[in-house]
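A.B. asks: I am attaching a structure below and will ask some questions about it afterwards.
Each reported figure results from applying straightforward, stated rules to the coordinates on display, with no laboratory input. Please read all numbers here as calculations on a predicted model, not as lab measurements. Quick reminder, even Gly has a Cβ in these numbers, built from the backbone with ideal geometry, and neighbours come from all protein chains shown.
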Amino acid sequence: MTAAARLTDVRKTYRVGSLEVPAVRGVSLEIEAGAFMAIAGPSGSGKTTLLNLLGALDTPTGGAVEIAERPTAGLSARDLADFRGAHLGFVFQTFNLIPVLTARENVELPLQLQGVGDRAERRERVERVLTDVGLADLMDRRPTELSGGQQQRVAIARALVKRPTLVLADEPTANLDSATAGEIMALMRGMNERLGTSFVFSTHDPLVMEHARRLVRLHDGLVKSDERRDGGSGVH
Amino acid sequence: MSTEARAGRLGPFTLGRLAWRNLRRNRRRTWITAVTVAVAVLLLQFAMALMMGVERQSFDNLINYQTGHAKVFANGYYAAREDLPLDRGIAAAETLQVRLRAVPGVLATAARLTFQAQLSNGSDQLPCVGIGIDVGGSDADVFRIPQAVTDGVYLEPDRLGMLIGGGLAEVLGVGLGDWLTVLAKTRNGAFEAVDLEVVGVLGTGNPAIDRGTFLVPLVLAQTMLAMPGAATEIAVRFRPAAREGATLGRLRGAAAEAGLDARGWREVESDFLALVSAKRTGRTVALVVFLTVALVGVTNTILMAAFERTREIGMLMALGLRGAGVRRLFLAEGALLGLLGGAVGTLVGAALIAWLAVSGLDIASFYGDMDIGYPVQDRIYTAFDAGALLFGWLLAVALAALASLYPAARASRLDPVEALRHV
């Protein structure tokens, strides 16, 4: 099976004034296709940096990042944007929906950015994925007319609609109550199993870790542990 | 792979819809900015219409009272016209005028004899321009002098009378029924004087005429200047529907055949037209600068909008929107502000301009008798020109987009990681 992403001795150093701050100090990881993986660790451990590297939002200062078998090194900002558009989905802690667009229009956006020109096709795909995340009746509502959990469902639909290789979720449950958080995790796990899309989370939340089939713990920019729990406790 | 070409950007429809809804996010700010744009565009439209109206009126004035559409001179007269030379006259003969009137597009011709003279009221003496006009004949077919008589009557062929500009009459302190002495050098260099009664006062709105010209019957001028049957020029009026350039070309041909020199009014009045053109350029530059300054509000609005939506920009970039796409989104918002404000300003402006094009603006109450640099008087009528209105509107759109260029470019250069971290 091919890897969804591969990190080889990845380093990322930020420069703050004359100071060099290492955020990731040599991480090698292979994320298999169909993974459902959590990256955990205290603040400053490098998990957000790692997620940004996996999301092609940032490029490493050392080592190699490959996503869908393609290295991100040397890509221009524009090529990175196109690459994200083609291969990656994002779910954010604060949902980050566009408030002036309806759920349907928010989910349609990635397809337009990907250049899916056929309106009927876009409409069909948007409606199918919104139905999949349980929002069949709320498609024409704006984000302000939806609950937090519903908004995160829209965000998941937006991430999945273009059938990406990898979905990256940065603390996806941090702004949700625990019952809703559980529902959201179960939804993502279900989509992961049905579609085979790989998911990687960064999290503090034990609930997210509990749902993950693989848990990578970071400490000081290095992998402290890499635990596989196949068939794991995610199925409740 | 035709869809690949569109990757990384939003289509025009999506872009427009998003821009419109984004503007509605902060309606008060949008309206305040749009109203600023509207007021600026309204002033621009009004100023342009006023400028065009004054120019059109000026040109009509020159044609109606001073030059007609063209003048035919003897060869060599035009170059020396400032001196009003009498030794380069032409025959005022009807046969020549018949030939000129036969030119297609020509409506009427009139012989005129223009000369330098001194006007004296007995105590003061003023240098003036005298013009002998064909009173019984065709002068009134070419010029609108009878309509410009504000006091008294038009000249009569067999009466020793003169028409005098209103300003000149005031300076000389004369009115209807008063007598003035005309002193002029004849063609032979001798001085000749004749007393004439003021039978009418002219108010053409053209300072050159109202303040420095008097009119006498052509025969009287010919006799006085020892130039029987002669004129210095034949003024020509074109038919209303005639194409000016083509008619002038034919007239030139006919004049050349007769050994004469025809000049269009734009050439005869080239100094004035150059002045008008310079004024127009200066004012247009001033207006565009003014509009640009007014549109700084758009820059500020887009700058604030982009700042408020930093995280959203990061999200859109994460989704695959290129920097150029971000730039286009904010440019579209700025242009839309220009479109909205420009539409309001243009509509209100069009209504105002349409009204003043009919009723006119009373400038006498602003300026009194002061010379405003154009031969117009009393009322200015704005020019209602749909093309100019559209131009003003589109200019507002273009300048609003231009005003958004800086904030849009700034937003497009955001680093998605930084932008997503923004709170």
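A.B. asks: Give the residue from B:Gly76, B:Leu23, B:Phe46 lying farthest towards the positive end of the charge dipole for segment B:10-126; charges sit on Cβ (+1 for Lys and Arg, -1 for Asp and Glu) and the dipole is referred to the Cα centre.
C.D. replies: The Cα lying farthest towards the positive end belongs to B:Leu23.
A.B. asks: What is the mean number of Cβ atoms from other protein chains located within 10 Å of the Cβ atom of each residue in peptide A:42-52, rounded to a whole number?
C.D. replies: Average per residue, whole number: 1.
A.B. asks: Counting only other chains, and only Cβ atoms inside 10 Å, what mean value do you get across the residues of A:94-100?
C.D. replies: 5
A.B. asks: Where in segment B:54-80 does the amide nitrogen come within less than 20 Å of the point 7 Å from the Cα of B:Glu244, taken along Cα to Cβ?
C.D. replies: It comes to B:54-73, nothing else.
A.B. asks: I would also like to ask the following. For the residues B:Tyr374, B:Tyr154, B:Tyr406, what sequence is obtained by ranking on other C-beta atoms within 10 Å, fewest first?
C.D. replies: Ascending number of Cβ neighbours within 10 Å: B:Tyr406, B:Tyr154, B:Tyr374.
A.B. asks: Now a separate question. Specify the inter-centroid distance of segment A:140-190 and segment B:155-174, based on alpha-carbon positions, in whole Å.
C.D. replies: 93
A.B. asks: Still on this structure, I have one more. Among the helices of chain B (complete DSSP H runs), which have Cα atoms covering no less than 27 Å along the helix axis and a Kyte-Doolittle mean of at least 0.5?
C.D. replies: Span-like helices here: B:27-62, B:270-294, B:323-359.
A.B. asks: I've got another one for you. I'd like the FRET efficiency for B:Asp415 and B:Trp31, computed as 1/(1 + (r/R0)^6) with the beta carbon distance as r and R0 of 51 Å, rounded to 0.05.
C.D. replies: 0.95
A.B. asks: Still on this structure, please answer the following. Once you charge only the Cβ atoms, +1 for Lys and Arg and -1 for Asp and Glu, what is the size of the charge dipole of the protein assembly as shown about its Cα centre, to the nearest 20 debye?
C.D. replies: Dipole of the protein assembly as shown, to the nearest 20 debye: 2900 debye.
A.B. asks: With 28 Å as the cut-off, how large is the P(r) tail for chain B, expressed as percent of Cα-Cα pairs?
C.D. replies: 61
A.B. asks: Please name whichever of B:Leu420, B:Leu100, B:Ala351 sits farthest to the positive end of the charge dipole of chain B, dipole taken about the Cα centre and charges placed at Cβ: Lys and Arg +1, Asp and Glu -1.
C.D. replies: Going by the Cα projections, it comes out as B:Leu420.
A.B. asks: Something else now. Roughly how many Å is it from the Cα centre of segment B:195-238 to that of segment B:1-74, as a whole number?
C.D. replies: First find each Cα centre; the distance between them is then 46 Å.
A.B. asks: Farthest toward the dipole's positive end in segment B:76-258, which of B:Leu163, B:Gln222, B:Gly249, given Cβ charges of +1 (Lys, Arg) and -1 (Asp, Glu) about the Cα centre?
C.D. replies: Ranked along the dipole, the leading option is B:Gly249.
A.B. asks: Now for a different question. If I model a spin label at B:Arg144 and B:Leu183 as a point 7 Å from the Cα along the Cα→Cβ vector, what separation in nanometres do I get?
C.D. replies: My value for the distance between the label points is 3.6 nm.
A.B. asks: How much length is gained on full extension from B:Arg56 to B:Trp20, taking 0.36 nm per residue of separation minus their Cα-Cα distance?
C.D. replies: Contour length minus Cα-Cα distance gives 8.9 nm.
A.B. asks: For all pairs of alpha-carbon atoms in the protein assembly as shown, what percent lies in each bin of width 10 Å, listed from the first bin to the last filled one?
C.D. replies: Over the protein assembly as shown, the share of Cα pairs per 10 Å bin runs 3, 13, 17, 14, 9, 8, 8, 8, 8, 7, 4, 2, 0 percent.
A.B. asks: Now a separate question. Under a cut-off of 27 Å between alpha-carbon atoms, report the lysines in cross-link reach of A:Lys47, not counting same-chain residues fewer than 8 places apart.
C.D. replies: A:Lys12, A:Lys162, A:Lys224
A.B. asks: In nm, to one decimal, how far is the A:Ala33 label point from the B:Val129 one, both placed 7 Å along Cα→Cβ?
C.D. replies: 9.2
A.B. asks: Could you list B:Lys185, A:Lys224, A:Lys47, A:Lys162 so that the one with the fewest beta carbons within 10 Å of its beta carbon is first and the one with the most is last?
C.D. replies: With the sparsest Cβ surroundings first, the list reads A:Lys224, B:Lys185, A:Lys162, A:Lys47.
A.B. asks: Excluding same-chain residues fewer than 8 positions from B:Lys185, which aspartates and glutamates have a Cα within less than 18 Å of its Cα?
C.D. replies: Output for B:Lys185: B:Glu82, B:Asp83, B:Asp87, B:Asp195.
A.B. asks: In addition: Could the peptides B:110-120, B:190-200 be put in order, highest first, of the mean number of other beta-carbon atoms found within 10 Å of their residues?
C.D. replies: B:110-120, B:190-200
A.B. asks: If you line up the long axis of helix A:119-132 against the longest principal axis of chain A, both from Cα atoms, how many degrees apart are they, to the nearest 10?
C.D. replies: Roughly 80 degrees, rounded to the nearest 10.
A.B. asks: Restricting the count to DSSP beta bridges whose residues both fall in the protein assembly as shown, what percent are antiparallel, rounded to a multiple of 5?
C.D. replies: In the protein assembly as shown, DSSP labels about 70 percent of beta bridges as antiparallel.
A.B. asks: Any idea what % of Cα-Cα pairs in chain A are farther than 27 Å?
C.D. replies: When all Cα pairs of chain A are counted, 33 percent exceed 27 Å.
A.B. asks: How high is the FRET efficiency between B:Glu192 and B:Ala258 when r is their beta carbon distance and R₀ equals 30 Å, given to the nearest 0.05?
C.D. replies: That pair, B:Glu192 with B:Ala258, gives E of 0.50.
A.B. asks: Using alpha carbons only, what's the Rg to Rh ratio of segment B:76-258 with Rh from Kirkwood?
C.D. replies: 0.98
A.B. asks: Hey, another quick one. What's the angle, to the nearest 10 degrees (0 to 90), between helix A:77-87's Cα axis and the longest principal axis of chain A?
C.D. replies: Compared with the principal axis, the helix lies near 60 degrees.
A.B. asks: Looking only at other chains, what is the average number of their beta-carbon atoms within 10 angstrom of each beta-carbon in A:69-82?
C.D. replies: 3
A.B. asks: In addition: Calculate how steeply helix A:103-114 sits against the longest principal axis of the alpha-carbon atoms of chain A, using the helix alpha-carbon long axis, and give the answer as 0 to 90 degrees to the nearest 10.
C.D. replies: Tilt of helix A:103-114: around 60 degrees.
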